[in-house]
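This report refers to the structure that appears directly beneath it.
The values are calculated or read from the model by the stated rules, or taken from the named source; none is laboratory data. Since the structure is predicted, the reported quantities are computational estimates derived from the model, not experimental observations. Heads up, the Cβs are rebuilt from the backbone with ideal geometry, glycines too, and the neighbour counts pull from every protein chain shown. Ligands, DNA and RNA are excluded from the accessible area calculation, which covers all protein heavy atoms including side chains. Shrake-Rupley method; radii C 1.70, N 1.55, O 1.52, S 1.80 Å.
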Amino acid sequence: MPLQMNRDVFITCAVTGSGGTQDKSPHVPRSPKDIADSAIDAAKAGAAIVHCHVRDPETGAPSRRLDYYREVTDRIRDADVDVVLNLTAGMGGDIVFGSTEAPLPVNDSGTDMIGATERMAHVRECLPEICTLDCGTMNFAEADYVMTNTPGMLRAMGAMMTELGVKPEIEAFDTGHLWFAKQLVKEGTLASPALVQLCMGVPWGAPNDLNTFIAMVNAIPQDWSWSAFSLGRDQMPYAAAAVLAGGNVRVGLEDNLFVEKGVLATNAQLVEKAVGVVEGMGARIIGPDAVRAQLGLTKRAPVAA
């Protein structure tokens, strides 16, 4: 893909994530109301898309509860600001093995493995415009944790997304994930043109050096849309790099807690800073209607309760 600066940029705000950040900043939202309010504030600050996980309101631990997703969806859909809704479908593929000498049985306290239909239950009810498809299995930073997304699981979930009319956001943590994403499109499991999120610097996936980043960008088909992000202090530099290489931007508390060194951020502040980066490069920020037109999205109400 030839590299050419993107002049019409959309920003995705990843509102809360599923990592153990809930006790590291008071701004990481936990309850469905707090998650929705933070997403709405991010939309008012300039985010065209909000990417949402849900958490246990008391502990902040990641959750898959359908009623939490439904409340977040209803609150965002009822807000006085429009925004494209992107719900995670990444939960339910977590294995934490036992010790290196006795990997089985797995550690029940960290393992969360469910089937494709259950992983998609909240998407089927909430009908967001977008949901994520983590397009591969990967070791994360933790010693014995593996994010598992087998080819069979991805084919099953991808087919469900296509049938529901919800656009998958292919989360690519390494080059092989893009390879398999192209295979899913070739097979007809996913529709073309596809949407990709390049996830840079997540241990132990693609490192966030520019050589690897450009290799990832060059692996994306010309007619696909894409965004990129990196973690922590590299979040804003990768906002600039993504725009310069022809893509779009993701920021938010899922990936970074600070608006500057030592200063904890809100989601809205991170979006505002990203808007400044994008506009300072001479590009313009596009809103949710333009994103829907570009990506072929349909805004729908959730399934009636």
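Restricting the first member to region 96-123 and to residues that are surrounded by fewer than 11 Cβ atoms within 10 Å (Cβ to Cβ), and the second to residues that are among the charged types (D, E, K, R), the beta-carbon pairs closer than 8 Å and six or more apart or on different chains are S99/D144; T100/D144.
Within region 35-57, the set of residues being of a type in the set (D, E, K, R) and more than 17 Å from R250 (Cα to Cα) comprises D37, R55, D56.
Filter region 109-127 down to the residues that are touching a Phe, Trp or Tyr at 6+ places or on another chain (Cβ under 9 Å) and outside any helix (DSSP H, G or I), then identify the one that is modelled with the highest pLDDT. Top of the filtered list is T111. Within region 195-217, if we keep just the residues that are over 22 Å from I11 (Cβ atoms) and surrounded by 13 or more Cβ atoms within 10 Å (Cβ to Cβ), the residue that is nearest to the chain's Cα centre (by Cα) turns out to be G205. Selection of region 260-294 for residues being outside any helix (DSSP H, G or I), among the charged types (D, E, K, R) and under 20 Å from V83 (Cα atoms) yields only R284.
Scanning region 145-158 for residues that are assigned to a loop (DSSP other than H, G, I, E, B) and either crowded, with 17+ Cβ neighbours inside 10 Å or at positive phi (or both) turns up just one, N149. Checked against (1) open to solvent by 20 Å² or more (accessible area, probe 1.4 Å); (2) touching a Ser or Thr at 6+ places or on another chain (Cβ under 6 Å), E260 passes all but condition (2).
Looking across region 61-78, the residues that are part of a loop (DSSP other than H, G, I, E, B) and either surrounded by fewer than 16 Cβ atoms within 10 Å (Cβ to Cβ) or without any contact (Cβ under 8 Å) to a residue 40 or more places away in the chain (or both) come down to A61, R65, D78.
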